[in-house]
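Engineer: The structure follows.
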Amino acid sequence: MKVAIIGAGNMGGAIARGMAQGSLIRPVDVTVSNPSEGKLRAIKEFNPQIKTTCNNQEAINEADLIILAVKPWFIKEVIEGLTLQTEKQIIASVAAGIPFAEYEQWIGEKATIFRIIPNTAISQMQSMTLLASHNASKEQEALLANIFNEMGVAMLIDEKQMGAATALTSCGIAYVLKYIQAAMQAGVEMGIYPKDAARMVAQSVKGAAELILTNESHPSVEIDKVTTPGGLTIKGINELEHGGFTSAIINAMKASLK
């Protein structure tokens, strides 16, 4: 399978690097297009087998899957500059906030289109990637899910859930980082060196996530395991609640949906 990625920025570059490390797509079958040479050189340095070009049309001519990794305000212009073979090419876009109805107007009603929302952890092969499909077969859905599962975890959802799910994943990763930053600050105030505090808190967050993913349990179940009566943890949990921690998270997620 041949893949064209239009855009070599943070997301397009990360997807290209992730694919090159996976087993489903050969690096030699990935072509990345970008207007400037600098970002393309960085991709070549990562893996010389990845093909690069400054010509979008050249990138997609032989592609089975075209990934549009450009900013939402450029997406229409980029699409209108392409001659697509919609009867055999899958078009996937990482541009947030653009519904399938608009893609239909630009590409055609019969085109196979995916909306893809990764998060920045894709650079570490740990993305939570959301997929929504339009006119796709079950085999095509499985193919896209398998490709992005190699770069973390992929989940196929309905388009109507995209906004809420993006708040939880693409925006939500920033809220997790904000917690890490706040906990680090507390550690420094209590006498821990910043780098040590960062490592302690980040590993704790990683461990908490693994408990949920591996055990498929509810957070409250895992919290109960570490909150002994009269212990230190329950005092801290209660202080979080007094400070409006839960409400603040819920409000932040809902604000991201607006």
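Engineer: List the residue pairs whose Cβ atoms are under 8 Å apart, where the first residue sits in the stretch 213-237 and is under 24 Å from Ser247 (Cβ atoms), the second is assigned to a loop (DSSP other than H, G, I, E, B), and the two are 6 or more positions apart or on different chains.
Structural biologist: Pairs found: Thr233/Thr227; Ile234/Thr227; Ile234/Thr228; Ile237/Thr227.
Engineer: Exactly one of these conditions fails for Ser217: (1) polar (S, T, N, Q); (2) in a helix (DSSP H, G or I); (3) at pLDDT below 95. Give me its number.
Structural biologist: (2)
Engineer: Only one of these conditions is not met by Gly38: (1) farther than 25 Å from His134 by Cβ; (2) open to solvent by 60 Å² or more (accessible area, probe 1.4 Å); (3) not hydroxyl-bearing (Ser, Thr, Tyr). Which number is it?
Structural biologist: Answer for Gly38: the failing condition is (2).
Engineer: Could I ask something else about it? Could you please tell me which pairs satisfy a Cβ distance under 7 Å, a separation of 6+ or placement on different chains, a first residue in the stretch 49-65 that is farther than 26 Å from Ala136 by Cβ and of a type outside the set (D, E, K, R), and a second residue that is open to solvent by 60 Å² or more (accessible area, probe 1.4 Å) and part of a loop (DSSP other than H, G, I, E, B)?
Structural biologist: Between residues of the stretch 49-65 that are farther than 26 Å from Ala136 by Cβ and of a type outside the set (D, E, K, R) and residues that are open to solvent by 60 Å² or more (accessible area, probe 1.4 Å) and part of a loop (DSSP other than H, G, I, E, B), the close pairs are Cys54/Pro35.
Engineer: Can I ask one more? For residues in the stretch 121-135 being open to solvent by 30 Å² or more (accessible area, probe 1.4 Å) and aliphatic (A, V, I, L, M), which is modelled with the lowest pLDDT?
Structural biologist: Met125
Engineer: Hey, can you tell me all the residues within the stretch 144-168 that are open to solvent by 20 Å² or more (accessible area, probe 1.4 Å) and of a type in the set (Val, Ile, Thr)?
Structural biologist: Val153, Ile157, Thr166
Engineer: Also, I was wondering about something else. Give the stretch 36-71 a look and list any residue that's among the small types (Gly, Ala, Ser) and either in contact with a Lys or Arg (Cβ under 8 Å, 6 or more places away or on another chain) or assigned to a helix (DSSP H, G or I) (or both), or say none.
Structural biologist: Listed by number, the residues that qualify are Gly38, Ala42, Ala59, Ala63.
The values are calculated or read from the model by the stated rules, or taken from the named source; none is laboratory data. Computed from a predicted structure; not experimentally measured. All Cβ positions, even for glycine, are placed from backbone atoms using ideal geometry, and neighbour counts span all protein chains on display. Surface accessibility is based on the protein's heavy atoms, side chains included, excluding ligands, DNA and RNA. Shrake-Rupley method; radii C 1.70, N 1.55, O 1.52, S 1.80 Å.
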